[in-house]
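Remarks on the structure that follows.
Just so you know, all these numbers are worked out from the coordinates, no wet-lab data involved. Model, not experiment: these values are computed from the prediction. No Cβ is skipped: glycine too gets one built from the backbone with ideal geometry, and neighbour counts run over all protein chains shown.
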Amino acid sequence: MTAEQSARFGWIDAHIHVDKYAPEERERLLAEAYAEGCEAVVGVSVNLESSRVNRDLALRHAGRFMPAYGHHPEIPVPGPEEEAELFAWIRKRHEAGERFAIGEVGLPYYTRTEAEKAGRPFDEGPHLQLLDRFAALAAELDRPIVLHAVYEDAEKACDALERHGVRRAHFHWFKGPESAVRRMIARGWHVSVTPDVVYEPEIRELVRAYPLELLMAETDGPWQYEGPYAGRATTPALVRDVIRAVAELKGLGVNETAGVMLETTKRFYGF
Ligand SMILES: [Zn+2]
């Protein structure tokens with residue numbers, strides 16, 4: 001097989017904020033990605049407004065854009081009315097039989113630790129309570145849930161998921177202690193890695209430790225990366241580099257690795 005042929009494998013960007021790209025860029029971004037071999041994307045949301053934009057994108061790109069609806073943990077928690085509106089809107093999508101996941105939800109690791117370093121008080125309570133309600137919703141509607149819960153927050157997220165018997169959980173851009181990793185693997189929960197797997201030792205270690213069948217690849221675009229990607233715009237095409245790095249770390253062929261990761265992501269999200 002030539003290098004050209006072996007470079008052609010299908011992939012899914014399992015976590016991207018398409019709505020965070022400029023409105024005039026979104027369609028081009030998706031069209032280019034699909035043309036390059038991207039089979040689908042999982043478009044995650046940060047609040048109700050973002051969820052609405054992602055639903056419209058999903059309707060226009062049926063079967064190739066799985067939306068996830070939620071409230072991002074690194075921004076302030078919504079007020080009671082805003083939260084009620086978001087949850088009611090998600091339930092309406094469920095009653096209409098639409099395809100979607102819950103996310104991006106989780107815990108504010110970066111906001112909390114920055115506040116603590118600066119000596120500012122930070123109340124994690126409302127974030128824990130909101131995550132608990134999202135976990136309950138995911139379990140009740142039997143939807144996949146996308147989590148932003150890293151380092152010591154991972155165990156707290158595991159507690160919430162276990163409390164509600166959540167079956168399908170995806171910890172995106174995961175990094176965390178071995179104890180959490182063991183717990184997540186035992187539950188059959190998934191993690192995804194970003195292009196920083198190319199240059200971050202802790203992420204490379206995670207890939208070595210985590211079963212391939214539970215791994216997905218993502219860009220978290222438009223987030224920009226360092227190392228070989230410094231100054232480069234993030235597009236779903238970077239997922240190909242993630243898959244190549246995973247293949248190398250697992251000691252497997254690129255096509256085999258890509259095939260397993262594609263199937264895993266399709267099965268998990270129900271594409
Ligand atoms: Zn994200």
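Can you list the residues, at least 5 places off or on another chain, whose amide H is less than 5 Å from the amide H of Ile12, using H built in the peptide plane? Under 5 Å from the amide H of Ile12: Glu39.
Any idea what log10 I(q)/I(0) is at q = 0.17 Å⁻¹ for the range 11-269, Debye with uniform C-alpha scatterers and no solvent? Cα-only, vacuum Debye calculation for the range 11-269: -1.42. In a DSSP loop and with at most 15 other Cβ atoms within 10 Å, the trypsin sites (Lys or Arg not before Pro) in the range 183-266 are Arg232. Most simply put, the chain has about 0% antiparallel DSSP beta bridges, counting only bridges with both residues inside it. For the residues Lys117, Lys175, Lys20, a GNM of the chain with alpha-carbon springs under 10 Å puts the largest fluctuation on Lys117. Residues whose amide H falls under 5 Å from that of Phe65, counting only those 5 or more places apart or on a different chain, are Val41, with hydrogens built in the peptide plane. Comparing Ala118, Ala136, Ala230 in a Gaussian network model of the chain (Cα springs below 10 Å), the most mobile by mean-square fluctuation is Ala118. Going by neighbour counts of Cβ atoms within 10 Å, the residues Ser179, Ser50 line up, fewest first, as Ser179, Ser50. Note on Tyr34 and Thr113: the model spin-label points, each 7 Å out from Cα along the C-beta direction, lie 3.9 nm apart. First select every other residue whose beta carbon is under 10 angstrom from the beta carbon of Asp153; then total the charges, Lys and Arg +1, Asp and Glu -1. Neighbour charge sum, excluding Asp153 itself: -1.
For the range 122-193, the share of alpha carbon pairs falling in successive 10 Å distance bins from zero is 21, 58, 21, 0 percent.
With an a/c value of 1.5 or above and a/b larger than b/c for the gyration tensor axes a ≥ b ≥ c computed over the alpha-carbon atoms, the range 1-97 is described as prolate. Using a ≥ b ≥ c from the Cα gyration tensor of the range 101-232 (square roots of the eigenvalues), is it rounded, prolate or oblate, where a/c under 1.5 gives rounded and otherwise the larger of a/b and b/c decides, a/b for prolate? It comes out oblate by the Cα gyration axes. Between the helical axis of 80-95 and the longest alpha-carbon principal axis of the chain there is an angle of about 50 degrees. Note on Phe87, Phe171: ascending count of other Cβ atoms within 10 Å places them as Phe87, Phe171, the fewest first.
Computed over the chain with a Gaussian network model linking Cα atoms closer than 10 Å, the most mobile of Pro211, Pro144, Pro236 is Pro211. I'd like the orientation of helix 23-35 relative to the chain: the angle between its Cα long axis and the longest Cα principal axis, in ° from 0 to 90, rounded to 10. Roughly 40 degrees between the two axes. Counting neighbouring Cβ atoms within 10 Å and putting the fewest first, the residues Thr113, Thr234, Thr265 line up as Thr113, Thr234, Thr265.
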